[in-house]
1. Could you please let me know if A:PRO91 is farther than 23 Å from A:GLU172 by Cα and at pLDDT below 95?
2. Need the failing condition index for A:THR147 against (1) surrounded by 13 or more Cβ atoms within 10 Å (Cβ to Cβ); (2) over 17 Å from the mean Cα position of the chain (by Cα), just the number.
3. I'd like to verify a number: residues in the stretch B:183-203 that are within 14 Å of chain A (Cβ to nearest Cβ) and more than 17 Å from B:VAL67 (Cβ to Cβ), how many?
4. Right, A:ARG228: surrounded by fewer than 20 Cβ atoms within 10 Å (Cβ to Cβ), within 14 Å of another protein chain (Cβ to nearest Cβ) and not hydroxyl-bearing (Ser, Thr, Tyr) or not?
5. Which of the residues spanning the stretch B:122-151 are in contact with a strand residue (DSSP E or B) (Cβ under 7 Å, 6 or more places away or on another chain), of a type outside the set (D, E, K, R) and under 16 Å from B:TRP97 (Cβ atoms)?
6. Considering only the stretch A:181-212, state which residues are surrounded by 19 or more Cβ atoms within 10 Å (Cβ to Cβ) and part of a loop (DSSP other than H, G, I, E, B).
7. If I filter the stretch B:47-76 down to residues being surrounded by fewer than 18 Cβ atoms within 10 Å (Cβ to Cβ) and over 20 Å from A:HIS16 (Cα atoms), which single residue comes out as farthest from the other protein chains (Cβ to nearest Cβ)?
Protein chains: 2
Amino acid sequence: MPEPIEGDTMSKVRVHNFSISIDGFGTGEGLTLDAPFGHAGERLHEWMFKTKMWTDMIGETGGNTGVDNAFAVQHGPGIGAEIMGRGKFGPPHQGPWTNLGTDEEWRGWWGPNPPFHTPVFVMTHHTRPSFSLSDTTFHFVNDDPATVLKQAQAAAEGKDVRIGGGATTVREFLDAGLVDTMHVAIADIELGSGARLWESPDELDDRFHHEVVPSPTGLTTHHLFWRR
Amino acid sequence: MPEPIEGDTMSKVRVHNFSISIDGFGTGEGLTLDAPFGHAGERLHEWMFKTKMWTDMIGETGGNTGVDNAFAVQHGPGIGAEIMGRGKFGPPHQGPWTNLGTDEEWRGWWGPNPPFHTPVFVMTHHTRPSFSLSDTTFHFVNDDPATVLKQAQAAAEGKDVRIGGGATTVREFLDAGLVDTMHVAIADIELGSGARLWESPDELDDRFHHEVVPSPTGLTTHHLFWRR
């Protein structure tokens with residue numbers, strides 16, 4: 001069975017492992033430094049914690065290599081840049097960065113070695129200087145999705161661009177018609193409030209092929225979208 | 001969402017995209033140069049031809065990025081060597097290589113750029129000198145599975161080893177307890193005869209976790225196995 005060697009080499013815009021509730025929320029309410037997903041807690045992402053991708057990442061062994069893992073591992077390969085909203089870069093806070101209430105400058109949730117390993121473009125009305133942590137460089141941009149995408153694609157040097165979330169950012173890129181492929185993992189819980197991706201996954205069916213794959217783990221249902 | 005960075009780094013033995021009939025046959029009968037899968041034809045692999053992995057490989061666009069593709073693309077990454085049976089290296093023929101009936105030396109089905117890009121170990125009672133085509137080198141070995149695996153792991157330099165098939169070879173490695181993870185794709189056809197992987201997929205449940213994922217394409221059902 002051959003490897004991909006040529007073919008469709010145009011830079012794509014991809015969403016991966018975006019985890020939401022059955023009523024469409026990517027985070028809950030009441031977001032704090034200790035509860036970055038608010039009242040959603042870790043329930044949306046439980047499917048991911050059971051995969052070999054995750055156990056490898058945290059330096060453990062085991063983890064399943066079933067369908068959840070097959071989707072989880074697609075997050076990285078071929079990606080040359082990520083775009084995220086300020087709501088993902090966090091912390092749960094609006095307004096200028098100087099209002100954080102701490103002396104320390106916020107440099108993301110991820111510590112000294114963030115898991116992106118590419119340029120990351122953070123969409124925010126409050127721009128600030130770029131900085132690097134290990135092999136990840138964060139840029140702060142105040143532009144519309146199409147303009148930010150052009151910058152990210154230039155930085156990606158021919159590779160794909162991942163829209164990393166949150167829900168508001170993914171929705172902006174969907175509404176602008178800029179997303180090529182999307183993987184959404186829907187946990188069987190209702191949140192009732194928070195940041196919402198959609199009312200229903202069928203909203204996108206006029207523009208995307210839509211495949212639904214319930215996981216045998218029972219922890220999530222995978223929804224795959226690719227352009228018609 | 002982070003990338004795998006450490007964790008379980010031991011070289012694994014993996015089977016991917018191994019396509020069989022519901023009655024367990026990986027090829028049919030009546031294998032010829034023009035029909036390498038015999039009376040099975042291309043029916044076992046139809047699910048793969050619809051994926052983006054495949055359309056990329058043959059230089060076309062389109063192709064689905066759903067669950068079939070998510071499994072298909074796992075074939076290559078992390079692999080440092082393949083082991084295959086003479087039945088896969090072909091042609092449909094037994095005995096010494098000099099009995100091929102042609103003046104030309106058989107160098108595999110895959111032309112000048114085989115899709116392996118690693119060392120390949122062909123298990124055969126009729127050894128012959130190694131040769132390279134592009135970045136693939138074929139070695140011919142007459143040894144038991146454990147011995148061949150040691151050679152392949154040395155050649156893989158810490159990466160994983162793929163058992164490439166056919167059915168007889170995969171079964172030999174399963175029976176020797178040497179397979180860590182396996183992906184089998186079962187097409188909804190019966191073949192009745194040919195080279196058989198198993199009587200039933202449940203045969204392995206005492207030794208493996210076993211997950212069953214019907215594809216929404218209707219072209220196959222994915223069976224995933226990983227060691228208990």
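1. Details: farther than 23 Å from A:GLU172 by Cα: no; at pLDDT below 95: yes.
For A:PRO91, the condition - farther than 23 Å from A:GLU172 by Cα and at pLDDT below 95 - is not met.
2. (1)
3. Of the stretch B:183-203, the ones within 14 Å of chain A (Cβ to nearest Cβ) are B:183-185, B:201.
Applying the additional criterion that residues be more than 17 Å from B:VAL67 (Cβ to Cβ) yields B:201.
The qualifying residues number 1.
4. Details: surrounded by fewer than 20 Cβ atoms within 10 Å (Cβ to Cβ): yes; within 14 Å of another protein chain (Cβ to nearest Cβ): yes; not hydroxyl-bearing (Ser, Thr, Tyr): yes.
Spelling it out, A:ARG228 is indeed surrounded by fewer than 20 Cβ atoms within 10 Å (Cβ to Cβ), within 14 Å of another protein chain (Cβ to nearest Cβ) and not hydroxyl-bearing (Ser, Thr, Tyr).
5. Initially, the stretch B:122-151 is screened for residues in contact with a strand residue (DSSP E or B) (Cβ under 7 Å, 6 or more places away or on another chain), giving B:122-124, B:127-128, B:130-131, B:136-141, B:148-149, B:151.
Restricting the remaining residues to those that are of a type outside the set (D, E, K, R) gives B:122-124, B:127, B:130-131, B:136-141, B:148-149, B:151.
Result: B:VAL122, B:MET123, B:THR124, B:THR127, B:SER130, B:PHE131, B:PHE138, B:HIS139, B:PHE140, B:VAL141.
6. Hits for the stretch A:181-212 are A:LEU191, A:GLY194, A:LEU197.
7. Our first condition is that a residue be surrounded by fewer than 18 Cβ atoms within 10 Å (Cβ to Cβ); within the stretch B:47-76, this holds for B:49, B:58-62.
Imposing the further condition that a residue be over 20 Å from A:HIS16 (Cα atoms) reduces the set to B:49, B:58-61.
Details: B:PHE49: 11, B:ILE58: 7, B:GLY59: 5, B:GLU60: 6, B:THR61: 4 Å.
Looking at residues that are surrounded by fewer than 18 Cβ atoms within 10 Å (Cβ to Cβ) and over 20 Å from A:HIS16 (Cα atoms), I get B:PHE49.
Every residue, every condition in (1) within 23 Å of B:MET10 (Cβ to Cβ); (2) touching a helix residue (DSSP H, G or I) at 6+ places or on another chain (Cβ under 9 Å); (3) assigned to a helix (DSSP H, G or I), yes or no:
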site	(1), (2), (3)
B:ILE83	yes, yes, no
B:VAL120	yes, yes, no
B:LEU149	yes, yes, yes
B:ALA154	yes, no, yes
B:GLY158	yes, no, no
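The values are calculated or read from the model by the stated rules, or taken from the named source; none is laboratory data. From a predicted model like this one, the values you see are computed outputs, not experimental measurements. For neighbour counting, all protein chains shown are included, and Cβ atoms are generated from backbone atoms with ideal geometry for every residue, glycine included.
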